[in-house]
Amino acid sequence: MTAADPAARRLRVALLGCGNVGSEVVRLLNEQAADLAARVGTPLELAGIAVRRLDKPRPDIDPALLTTDAPALVARDDVDIVIEVIGGIEPARSLLLDAMKTGKAVVTANKALLAEDGATVFGAAREYGADLYYEAAVAGAIPLLRPLRESLVGDHVHRVLGIVNGTTNYILDQMDTHGAGFADALDEAQALGYAEADPTADIEGFDAAAKAAILAQLAFHSAVTAADVHRQGITDVTAADVASAKAMGCVVKLLAICERIPARGGRNGRGVSVRVHPAMIPRSHPLASVREAYNAVFIEAESAGSLMFYGAGAGGAPTASAVLGDLVAVARNKAGGARGPVESTYAALPVLPMGETITRYHVSLAVADRPGVLAQVAEEFARQDVSIQAVRQEGHGDDAQLVLVTHRGRDAALTATVDALRRLESVREVASVMRVEGDEIL
Ligand code: HSE
């Protein structure tokens, strides 16, 4: 390679996968070629695109670039950078490991792989000295991972609280805005293309749990996998829950919450809590205003204070924007002989069981409306050392509902209280139980 031979200095890119995101990556690479070359300092060139089927119409793509042999594309000596947007565990993992082993830099949008087996992939990046960037794996276009990996790496993150799944946010927003039931809101989300034909990964919280694991690992420098995340989806959220939240000036959101659990005298905390579940948040909280299919993440750090990141969490072009940002970063590193950040898990904080997490509950009970019932209910909270913040009665006689909101307490104590309430003769039904985040309520 000589300075007189600019073609030799091109950085060649292999793209694995050409669906919604991949085809947008190709479009941006072509349309912005001159700007990207100027930003990197050297041109980027597509060396090949691995696809599952060659016969699918792709009018804007040079057919000579297409191949169904992804391993051979990754193994090519003239490839410098591999972008993976196939998703899933295999063959993506083997392809990425082979790429790093042969000195290639890697950009991936694969949240499932990083959340399930990040240790293998991060370990390979470390072992082979390869760049591994994955901004597109969490919340599409929103810059979140680079802020955690780089901008905030000198700070001490206490908490990451986010709406990281657009499908469920759309459904809950419809329930809140129009009083729709869950099933109707899901139907509408499917009709509009927000929800997949099989919506399980979104509505049961698997997608958000994978993202929470990746965020927690970066925030707390500790290994966290999807299996460590306490997960509860939104399928049991009813129109009555949403109405009850509304009556208290709250809105129901599916939250991904990653936080340190304090320890006496210890700076790092006793461990971390990583969880995904529906929760009521006050309408005054910044996350309450995140509507439709948008995502937003709130980060609380010791010196930085509170930060909020908001935007499109999915979609071809927004996700491709994050991929291109990573591509420019790894290309600059390659061109300059530099290396990006390596994951650290030095803090090794354990992920604590959900029972040890500190939460607040909103509990709605159908009760007998007679003297002493409130005292019996309050007694069950007291028995578990759970302090009540507010009580409201709605209706009377056969229609009496008691709504209680607790102060913060151990989740195990709160669930034990609810179990005890279910056994009380004066409680006809525990109509709704939901966790509450944020301070001002009732
Ligand atoms: N299905 C996800 C969502 C996007 O609804 O936000 C991909 O993670």
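A compact table of results
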quantity	calculated
Count - residues of segment 400-414 that are under 27 Å from the mean Cα position of the chain (by Cα) and farther than 14 Å from residue 359 by Cα	0
Pairs where the first residue, in segment 351-376, is under 30 Å from residue 260 (Cβ atoms) and the second is part of a helix (DSSP H, G or I) and at pLDDT 95 or above, C-beta under 6 Å, 6+ apart	351/228; 354/411; 355/411; 355/412; 357/411; 359/411; 361/414
Unique residue being within 29 Å of residue 115 (Cα to Cα) and out of contact with any helix residue (DSSP H, G or I) (no Cβ under 9 Å at 6 or more places or on another chain) when the list is 72, 92	72
Selected residue (criterion: surrounded by the most Cβ atoms within 10 Å (Cβ to Cβ)) from residues of segment 103-128 that are within 16 Å of the ligand (Cβ to nearest atom) and without any contact (Cβ under 8 Å) to a residue 60 or more places away in the chain	108
Candidates 176, 155, 187 - the one that is modelled with pLDDT of 95 or more, assigned to a loop (DSSP other than H, G, I, E, B), away from the ligand (no atom under 15 Å from the Cβ) and acidic (Asp, Glu)	155
Qualifying positions in segment 401-440 - touching a Gly at 6+ places or on another chain (Cβ under 6 Å) and over 23 Å from residue 246 (Cα atoms)	411, 412
Cβ pairs under 8 Å, 6+ apart, first in segment 199-219 and touching a residue at least 60 places away in the same chain (Cβ under 8 Å), second near the ligand (Cβ under 9 Å from one of its atoms) and of a type in the set (Lys, Arg)	207/111; 210/111; 211/111; 214/111
Matching residues in segment 158-172 - criterion: being within 15 Å of the chain's Cα centre (by Cα) and more than 16 Å from the ligand (Cβ to nearest atom)	159, 160, 161
Per-region count, segment 373-406, residues in a loop (DSSP other than H, G, I, E, B) and modelled with pLDDT of 95 or more	4
Of all residues making up segment 170-185, the number that are in contact with an Asp or Glu (Cβ under 7 Å, 6 or more places away or on another chain) and not hydroxyl-bearing (Ser, Thr, Tyr)	2
Subset of segment 270-310 [closer than 20 Å to residue 433 by Cα and within 16 Å of the ligand (Cβ to nearest atom)]	276, 278
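For every residue, the table says whether it meets (1) at pLDDT 95 or above; (2) more than 16 Å from the ligand (Cβ to nearest atom); (3) closer than 28 Å to residue 432 by Cβ.
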| site | (1), (2), (3) |
| --- | --- |
| 194 | no, no, yes |
| 203 | yes, no, yes |
| 212 | yes, no, yes |
| 217 | yes, yes, no |
| 229 | yes, no, yes |
| 251 | yes, yes, yes |
| 254 | yes, no, yes |
| 259 | yes, yes, yes |
| 268 | no, yes, no |
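The values are calculated or read from the model by the stated rules, or taken from the named source; none is laboratory data. The structure displayed is predicted, hence computed values, not measured ones. Note that each Cβ is placed from the backbone with ideal geometry, even for glycine, and that neighbours are counted across all protein chains shown.
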